[in-house]
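The values are calculated or read from the model by the stated rules, or taken from the named source; none is laboratory data. It should be emphasised that the depicted structure is a prediction, and the values quoted were computed from it without experimental measurement. A quick note on method: Cβ atoms are made from the backbone with ideal geometry, for glycine too, and the neighbour counts reach across all protein chains shown.
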Amino acid sequence: MKQRKITDDLQALMEVLPLEIAQALDEADNSDNLIEIVMDLGRTPKARFVKDEVPLSEREVTHEDIDYVVTRIGDFDADNRAGLERTLHRISGIRNRRGQVVGLTCRVGRAVYGTIDIIQDLIESEKSVLLLGKPGIGKTTMLREAARILAEKKRVVIVDTSNEIGGDGDVPHPAVGMARRMQVAKPSLQHEVMIEAVENHNPEVIVIDEIGRELEALAARTIAERGVQLIATAHGRTLENLLLNPTLSDLIGGIESVTLSDEEARRRGTQKTVLERRSPPTFDVLVEIQERNRMAIHPDVSEAVDSLLRGYPIPPEVRYRNENNEIKIEKLPAPSITTRGAMSQGMRRSNENGRSVTQPRPAYAQSPSQPVIPVNNDPETGRMRTVKIFPYGVARNRLEQAAKRLSVPAVIVRLPEEADIIMTLRTYYRSRQQILIEAEDRGTPLYFLRSNTINQMEKTLMEIYNLNGNNLTQNDDWQYASQVTEDGIRAVMNGQRWADLPPASSAIRRLQHEMARQAQLVSHSYGKDPNRRVRIFRE
């Protein structure tokens, strides 16, 4: 179906603007890409288009300009929004401390017919669908079109908090078709109107814009449990940041901390405290609107959340509209995990060594066919290749000491652009440090340490160079084995969940078990010779 864009009476919005601003907009001749007009007291007015921002006058906005607009639009509601009768335009006010309007944002409202066809099969599947996306990307436009299409066959009720879906005034805009609309007096009462819609009007589908409060999330769960289909938008951009939102995570099942038994934790190879989904999700399908014509879809929210919490994220289905206006669907394969524990997509998975590896973070790009671990040996000489490492937040002298102990050709560089890999701590990645983001964009692999200890650095270097640990103990190096065991014990005593020691001979493993017992810690051996190793942890 060819997309057909209809501007919802832009002339009506032009008529409430000061003449000078309206003429400048008309001369810009780019109404199809116009998003909003901004008027702030004492500043020049601006028009925001899809790709740029254009000044509309060299003269600063005055009180008279703002009053000119305010007197020609509807009353401002409790959320400081007003509209124009039977249009989809929205005018939002900024007030000073005395309650006077000193700024206006005039958002252009459009009815776009055909915009929902990219996910129409999901909307018509009777499953509840949640739309995510940044402001201005078209969530409400898609919601409006979904209501119109569903209302042709079902009883649809729109809970219209700010009159954005059905337009201003008592008569809903034709863009919502035969859907009925319930207006909300105050944004804080949205959850009550949601419940009222179910109890009083017998809907088969409820359409909601901007679920943003905990009470609204609870009301949505109540509606879903009554068997009513929900089509809604929420604040957020991806499944991951919605899951981390304490207010709205219940929409996709929520998360809770669960303590496993010692036996179960050993069986899973994880720490005793893990995160799991708390309850069934309110919404069955989640759609991330990445661009106006490109979406990432999680068709089974339960499975997507469970996989994400376990560290094996399932890539979503990607749908987009190409240059010929054809809808294309890509189902990406699951990230390939190498035997060294590397994952693609910038998603992190901790292996039993407490280290994670990350690939570049393009939006759900396909996993590379080659592992992210650097090549170990020169094919001609058989020698280990030199790997340039940039330590970010990692003690440089300890890293040099760890490389020296292992006798590996690692070079510590001072600039991230010079590095083959970057070694850092998880906390720095979680806080999205700019250096790490730029490294991901360049495609530089990131290696994460659980703690800033020589023991952790040595184990990471062993995996980078694919060492099995035999060289460390072939001469029964008791002194070195004692040192790494002490480092592991110290790490656990300082709060680390566990510490994995390098593979060792049976004689050295006995020494390590005895040292752990003397420190009143627990130790177990894992793996098969010659890679059998000791893990130390608290009871």
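I'd like the full set of residues that are in contact with a Ser or Thr (Cβ under 7 Å, 6 or more places away or on another chain) and either at pLDDT below 90 or farther than 20 Å from Arg86 by Cα (or both), limited to the stretch 105-118.
Gly109, Arg110, Val112, Thr115
Working only within the stretch 129-174, note down all residues that are hydroxyl-bearing (Ser, Thr, Tyr) and either surrounded by fewer than 24 Cβ atoms within 10 Å (Cβ to Cβ) or outside the structural domain of Ile208 (by TED's automatic domain parsing) (or both).
Thr140, Thr141, Ser162
Which of the residues spanning the stretch 524-539 are modelled with pLDDT of 85 or more and touching a Gly at 6+ places or on another chain (Cβ under 9 Å)?
Correct list: Val534, Arg535, Ile536.
Of the residues that sit in the stretch 165-221 and are touching a Gly at 6+ places or on another chain (Cβ under 6 Å) and over 23 Å from Gly133 (Cβ atoms), which one is modelled with the lowest pLDDT? So that I can check it myself, show each step before the final result.
Going through the stretch 165-221, the residues touching a Gly at 6+ places or on another chain (Cβ under 6 Å) turn out to be 168, 172-173, 176, 181.
Then drop every residue that is not over 23 Å from Gly133 (Cβ atoms), which leaves 168, 172.
On the way: Asp168: 85, Pro172: 90.
So the residue we want is Asp168.
Got at least one residue in the stretch 462-478 being charged (D, E, K, R), at pLDDT 75 or above and surrounded by 15 or more Cβ atoms within 10 Å (Cβ to Cβ)? It would help to see each step written out before you state the result.
Narrowing the stretch 462-478 to residues charged (D, E, K, R): 463, 476-477.
Applying the additional criterion that residues be at pLDDT 75 or above yields 463.
Adding the requirement that they be surrounded by 15 or more Cβ atoms within 10 Å (Cβ to Cβ) leaves 463.
Yes, there is a match, as at least one residue in the stretch 462-478 is charged (D, E, K, R), at pLDDT 75 or above and surrounded by 15 or more Cβ atoms within 10 Å (Cβ to Cβ).
Scanning for something in contact (Cβ under 8 Å) with a residue 60 or more places away in the chain, touching a strand residue (DSSP E or B) at 6+ places or on another chain (Cβ under 7 Å) and buried (at least 16 other Cβ atoms within 10 Å of the Cβ), does the stretch 51-74 turn up at least one residue? Can you show your working first?
Within the stretch 51-74, the subset in contact (Cβ under 8 Å) with a residue 60 or more places away in the chain is 74.
Those left that are additionally touching a strand residue (DSSP E or B) at 6+ places or on another chain (Cβ under 7 Å): 74.
Next, from what is left, pick out any that are buried (at least 16 other Cβ atoms within 10 Å of the Cβ): none.
Taking every residue of the stretch 51-74 in turn, none turns out to be in contact (Cβ under 8 Å) with a residue 60 or more places away in the chain, touching a strand residue (DSSP E or B) at 6+ places or on another chain (Cβ under 7 Å) and buried (at least 16 other Cβ atoms within 10 Å of the Cβ).
Within the stretch 479-510, track down each residue that is in contact with an Asp or Glu (Cβ under 8 Å, 6 or more places away or on another chain), assigned to a helix (DSSP H, G or I), small (Gly, Ala, Ser) and modelled with pLDDT of 80 or more.
Scanning the stretch 479-510 gives a single hit, Gly488.
Taking Val16 as the residue in question, decide whether it is touching a residue at least 12 places away in the same chain (Cβ under 8 Å), among the aliphatic types (A, V, I, L, M) and assigned to a strand (DSSP E or B). Spell out how you get there, then give the answer.
On the way: touching a residue at least 12 places away in the same chain (Cβ under 8 Å): yes; among the aliphatic types (A, V, I, L, M): yes; assigned to a strand (DSSP E or B): no.
Answer is no for this residue.
Specify the residue that is modelled with the lowest pLDDT; the eligible residues are those in the stretch 241-275 that are assigned to a helix (DSSP H, G or I) and exposed (fewer than 15 other Cβ atoms within 10 Å of the Cβ).
The initial filter retains those residues of the stretch 241-275 that are assigned to a helix (DSSP H, G or I), namely 241-243, 249-252, 262-268.
Next, only the ones that are exposed (fewer than 15 other Cβ atoms within 10 Å of the Cβ) stay: 241, 262-264, 267-268.
Details: Asn241: 83, Asp262: 74, Glu263: 73, Glu264: 70, Arg267: 65, Arg268: 62.
Per the criteria, the residue is Arg268.
Can you tell which of Val193, Val258, Val205 is touching a helix residue (DSSP H, G or I) at 6+ places or on another chain (Cβ under 6 Å) and free of Cβ contacts under 8 Å to residues at least 60 places away in the same chain?
On the way: Val193 fails: touching a helix residue (DSSP H, G or I) at 6+ places or on another chain (Cβ under 6 Å); Val258 fails: touching a helix residue (DSSP H, G or I) at 6+ places or on another chain (Cβ under 6 Å).
That would be Val205, the only listed residue that is touching a helix residue (DSSP H, G or I) at 6+ places or on another chain (Cβ under 6 Å) and free of Cβ contacts under 8 Å to residues at least 60 places away in the same chain.
So Pro503 fits all but one of (1) surrounded by 19 or more Cβ atoms within 10 Å (Cβ to Cβ); (2) more than 18 Å from Ile454 (Cα to Cα); what number is the exception?
(2)
How many of the residues in the stretch 397-438 are in contact (Cβ under 8 Å) with a residue 60 or more places away in the chain and basic (Lys, Arg)?
Adding up the residues that qualify gives 2.
Inspect all residues belonging to the stretch 38-46 and state whether any of them is modelled with pLDDT under 90 and not aliphatic (A, V, I, L, M). Can you show your working first?
Taking the stretch 38-46 as the starting set, the residues that turn out to be modelled with pLDDT under 90 are none.
No, the conditions are met nowhere in the stretch 38-46.
Gln100 passes all but one of (1) surrounded by fewer than 23 Cβ atoms within 10 Å (Cβ to Cβ); (2) within 30 Å of Leu41 (Cβ to Cβ); (3) in contact (Cβ under 8 Å) with a residue 40 or more places away in the chain; (4) not β-branched (Val, Ile, Thr); which number fails?
Condition (3) is where Gln100 drops out.
Could we say that Val69 is part of a strand (DSSP E or B) and farther than 30 Å from Asn241 by Cα here? Walk me through how you get there before you give the answer.
Values: part of a strand (DSSP E or B): no; farther than 30 Å from Asn241 by Cα: yes.
No; evaluated as a whole, the condition is false for this residue.
I'd like the full set of residues that are basic (Lys, Arg) and either in contact with a strand residue (DSSP E or B) (Cβ under 7 Å, 6 or more places away or on another chain) or under 22 Å from Glu225 (Cβ atoms) (or both), limited to the stretch 281-304.
In the first step, residues of the stretch 281-304 are kept if they are basic (Lys, Arg); the result is 292, 294.
Arg294 - this is the single residue of the stretch 281-304 that is basic (Lys, Arg) and either in contact with a strand residue (DSSP E or B) (Cβ under 7 Å, 6 or more places away or on another chain) or under 22 Å from Glu225 (Cβ atoms) (or both).
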